[in-house]
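Structure record follows, encoded as structure tokens.
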Amino acid sequence: MVVRGTGGLIVGLDIGTTKVVALVGAVENGVIEIIGMGKAPSHGLEKGVVVDIGETTESIKRAVEEAENMADVRIERVFAGIAGKHITSINNSGTVSISRENRVITVDDVRRVIETAQAVQLSPDQEIIHVIPRQYIVDGQEGITDPVGMTGTRLEVDVHIVAGSMTAVHNIYRCVSNLGIEIERIVLQPLASSFAVLTEAEKDLGVVLMDIGGGTTDIAIFRRGDIWFSKSLPIAGEQITSDLTVGLQVEYHEAERIKREEGLPRVDDISGEERFEITTISGEKKSVSKRKLMKIMEPRLEELFDLAMGEIEDAGYRDLIPAGIVLTGGTALLKGLPEFVQERYNIAVRRGRTPQGIHGLRDIVESPIYATAIGLLKYALESREIDFRYNKHDRRVPLRGRVGGAAVGAGAGAGEDRWWAANGRRENSIIVKVLRWLNRVFRGTVR
Ligand SMILES: Nc1ncnc2c1ncn2[C@@H]1O[C@H](COP(=O)(O)OP(=O)(O)OP(=O)(O)O)[C@@H](O)[C@H]1O
Ligand SMILES: [Mg+2]
């Protein structure tokens, strides 16, 4: 095997509840060619969260080795996803004044305003994962994406902050570092998936990305091009399968087969009393009506989507998502699901499939199961483009918070991490700590 580092390559590592996927992408002219893929059943996670470090490490190892062999490289750094109900998201804003004489906004001002905006009340066991600037406002003028070089006296920023449990984050770091691999960045899974399947037009208009995997349903809402809301729910495909094991008295793998082959029966199917064959737990062959299957599956799907739509409604976005819902994750493949959601909630629904910019291994690229892993690659690539955008200003903008000992966040690449290491980390951490302390003292208890 030719051993070379992953230098010019990018690696996405999706550590899911049911499977771990490692994808190696080679980038040329802004196009990602997938040159390696490894997949292993996931052991050691429950509802998206690591509960057994040894088992999770072993699953990651298998996926990584397979991808390494296929791509003929040694994986040294990865972009890894994170999800689970420990994730919380908050919208916040920050303001700084520009007091110097020429009033030209600099990269340092942008850094200052981001730092102000990320001073939110978090419970002591939580860490910031992303601080995503949604818009800058210069002297009241809204909708600015890059204020550097403009003149003004007051710079504001609206940000979307994603935080997660320190333990959950550190456990992912532990599993990956056990293999001698560095995490370049931890990325919220539905944010990663959005990079794979959403169009710019959808994100501008208002759209929900719903990744329904095995253990969690992850929601992210986009408007005006950026993420505004995120939430992780602990119901997904595994519960549907479990319901079938009980309702039909079958083993888990038989329930999986039935779910995948039959899907959610439609009203048209059941009117003719259509039936299908199953093997029960006692080994008996039996014919079951599709009406019965529907009666088992529908309540769980209603529960899941009522919960998800409730979250969207409570957050105030129900009327702000004209582009509807884009489904990813394995459960998105459930036959009849988009139609079910569309009819019940009167909203446009489509399955996500990866658009332009990704080549190689077509069946992987087009399946919603791999949206998170592919999205991690696109995230890595596009965040470098943002880095590049800022290069013209001589210095990189460190836009994000910290996780563990490593710089993480959205919208910037590996170079930014090095910048943080050299310039930003200590200052950022002290400022944030002081602001959090002040928050605690003056606003009462921390959540
Ligand atoms: N064709 C199919 N029809 C219905 N369900 C399917 C199909 N293929 C896969 N699934 C379901 O998708 C789920 C796995 O999805 P996915 O691979 O996205 O999960 P994961 O990433 O491992 O988990 P999570 O993201 O929740 O941590 C399983 O419950 C599986 O039964
Ligand atoms: Mg997943």
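Once phi is turned into ³J(HN,Hα) by the Karplus curve 6.51 cos²θ - 1.76 cosθ + 1.60 with θ = phi - 60°, what whole-Hz value does each residue of region 142-159 show in order, with x for glycine and proline?
Once rounded to whole Hz, the list reads 8, x, 8, 9, 9, x, 4, x, 7, 10, x, 10, 9, 10, 10, 9, 9, 10.
Search the structure for amide H atoms under 5 Å from the amide H of HIS43, placed 1.01 Å from N in the peptide plane, and list their residues when 5 or more places away or on another chain.
Close amide H contacts, sequence-distant or interchain: SER59.
Using a ≥ b ≥ c from the Cα gyration tensor of region 50-187 (square roots of the eigenvalues), is it rounded, prolate or oblate, where a/c under 1.5 gives rounded and otherwise the larger of a/b and b/c decides, a/b for prolate?
Prolate, because a/c is 1.5 or more and a/b exceeds b/c.
So if I take the centroid of the Cα atoms in region 215-294 and the same for region 168-212, what is the distance between those two points in Å?
Taking the Cα centre of region 168-212 as reference, the centre of region 215-294 is 25 Å away.
Using 22 Å as the Cα-Cα cut-off, could you pick out the over-long pairs in LYS203/LYS378; LYS259/LYS378; LYS47/LYS231; LYS47/LYS292; LYS47/LYS295?
Beyond 22 Å between Cα atoms: LYS259/LYS378; LYS47/LYS292; LYS47/LYS295.
Using just the C-alpha positions of region 237-298 as equal point scatterers, what log10 of I(q)/I(0) does the Debye formula give at each q in 0.12, 0.14, 0.20, 0.25 1/Å?
So the normalised log intensities are -0.24, -0.33, -0.68, -1.05.
Please work out the FRET efficiency for the pair HIS359 and SER282, using the Cβ-Cβ distance as r and a Förster radius of 56 Å; give the result to the nearest 0.05.
0.70
Need the full-extension length gain, ASN178 to TYR252, defined as separation in residues times 0.36 nm minus the C-alpha distance. One decimal, nm.
Between ASN178 and TYR252, full extension yields 23.5 nm more.
List the GluC sites (Glu not before Pro) within region 241-329 that DSSP assigns to loop and that have no more than 10 neighbouring Cβ atoms inside 10 Å.
Here the GluC sites (Glu not before Pro) that fit, given the DSSP loop and packing criteria, are GLU273, GLU284.
When SER230, SER193, SER42, SER367 are ordered from fewest to most other Cβ atoms inside 10 Å of their Cβ, what list results?
Sorted ascending by nearby Cβ count, the order is SER367, SER42, SER230, SER193.
So which trypsin sites (Lys or Arg not before Pro) in region 1-82 pass both tests, a DSSP loop state and at most 13 other Cβ atoms within 10 Å of the Cβ?
Taking region 1-82 and a limit of 13 other Cβ atoms within 10 Å, the loop trypsin sites (Lys or Arg not before Pro) found are ARG4.
Could you tell me which GluC sites (Glu not before Pro) in region 11-114 are loop residues by DSSP with no more than 10 other beta carbons within 10 angstrom of their beta carbon?
GLU101
Taken together, the values in this text are just the output of simple stated rules run on the coordinates, not laboratory data. Because the structure is predicted, anything quoted here is derived from the model rather than measured. Ideal geometry is used to build each Cβ from the backbone, glycine not excepted, and the neighbour counts take in all protein chains shown.
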